[in-house]
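Single-structure report; data block below.
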């Protein structure tokens, strides 16, 4: 009987500790607030390719972003071809890390599909989609970085030309995605002075 | 001895089931991908106020967003005063739900702080911060909705005037935050035709 009781207690302790462990694990991995704070601009990749399933999961997260009057004024070009990634690395001054990325997503904003046909709104909506993409990447244990294309005309033209993107469509960014070497770390950007209570 | 064994098996089953339960719980609550997909535009609030701690957690998530060359060209006005919320509800055509919201955050984009002093970049960076805010709200079990201010000049002027926001600063949106009545549901916005593989 004493054995049974001590076994019961041991089991209870195990249950409690396994709960604590899973809670900790949740916090450091896929909990939304942790992912938001752990997201970092990853510029160093191992060279390993990214699975098609992961890329679809990532783009799906992008499409879950809010858009003005639910117009979804966007499209996503997913690039995995090595020659295309290398051409992008050549064409964009801050996208050299594409040489070791497994893929890239080009988030495209479509003014004519946006609320009131406004480019400003297409860009805002597509920025939210891009942020969701960056967070989804982090939550999968992958890394990514926003490399700017819009509003630089030269870069927009280069990306449009290479990927047959129509003239009216705005390539907002190129997001290289890959397995991080873990050299890149998140920054703490909290600043009390950027909060105004009640009035500016 | 048989008792001890069966107790051991029962304990093992309990551990396994508690692990499964916590994994399920994680998925439906604070797991990043779930939060991204569960986020919805909440336009119906109970009227309950939102704690200062939650508001700070939410704004901290906003400040964790990426910005071009880490310029953080933003500020956040947190409004909890009932008269101010009512004035906003009057001034903005799509912000009537503020009457039952517990608070609102005005995300402000600051062109002169942005990379190359560009308003376009301040707006992109502040849009990413806004998306983080919406996700943090969802992860806390609260609700929110992006109500547009920029690029509508009349609305920007009204918000600037009421909250002493300087002329050069762009009030991007007003985000009412509160306890949801749970009438609002997320939309599935995944569209295969918005994905282009390798080329447009």
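What follows is calculated from the coordinates using simple rules that are stated; it is not laboratory data. Remember, it's a predicted structure, so these values are computed and weren't measured experimentally. Every residue, glycine among them, receives a Cβ derived from its backbone with ideal geometry; neighbour counts consider all protein chains shown.
Brief remarks follow.
- The ranking of A:37, B:196 from fewest to most other beta carbons within 10 Å of each one's beta carbon is B:196, A:37.
- Each of A:50, A:77 was scored by other Cβ atoms within 10 Å of its Cβ. Listed from fewest to most, they are A:50, A:77.
- Note on A:115-125: average number of Cβ atoms from other chains within 10 Å of each residue's Cβ is 3.
- The other copies place their residue B:153 label points at 2.4 nm from this one, listed shortest first, where each point is 7 Å from Cα along Cα→Cβ.
- Partner chain coverage, peptide A:65-78 - average Cβ within 10 angstrom: 4
- Label point of residue B:154 set 7 angstrom out along Cα-Cβ; within the range B:56-95, amide nitrogens under 19 Å from it belong to B:87-95.
- Hull volume in cubic angstrom per residue (convex hull over the Cα atoms of chain B): 201
- Sorted ascending by nearby beta carbons within 10 Å, beginning with the fewest, B:80, B:46 become B:46, B:80.
- Rounded Å value of the spacing that divides the Cα centres of the range B:136-200 and the range A:108-123: 15
- Ellipsoid fit via the Cα gyration tensor, the protein assembly as shown: semi-axes of 38, 30, 18 Å, each the root of five times an eigenvalue, largest first.
- Zone of residue B:56's modelled label, taken as backbone nitrogen in the range A:169-196 under 15 Å from a point 7 Å along Cα→Cβ: A:190-196
- Other-copy label distances relative to residue A:187, 7 angstrom Cα-Cβ extension, nm: 3.4
- Residues in the range B:69-100 that a label on residue B:49 would reach, taking backbone N under 16 Å of a point 7 Å out along Cα→Cβ: B:78-86, B:99-100
- Peptide B:105-111 has a mean shielding of 1, counted as Cβ atoms of other protein chains within 10 Å of each residue's Cβ.
- For chain A, the mean residue ellipticity at 222 nm estimated from helices alone is -14500 deg cm²/dmol, where every DSSP H run of n ≥ 4 contributes -39500 (n - 2.57) and the total is divided by all residues, rounded to the nearest 500.
- Beta bridges assigned by DSSP with both partners in chain A are antiparallel in approximately 95 percent of cases.
- Per-pair calculated FRET efficiency, R0 = 56 Å: residue A:181 and residue A:70 via Cβ, rounded to 0.05: 0.90
- For the range B:50-146, convex hull of alpha carbons as volume per residue, Å³: 93
- Distances between copies at residue B:117, taken between label points 7 Å from Cα along the C-beta direction, are 3.3 nm in increasing order.
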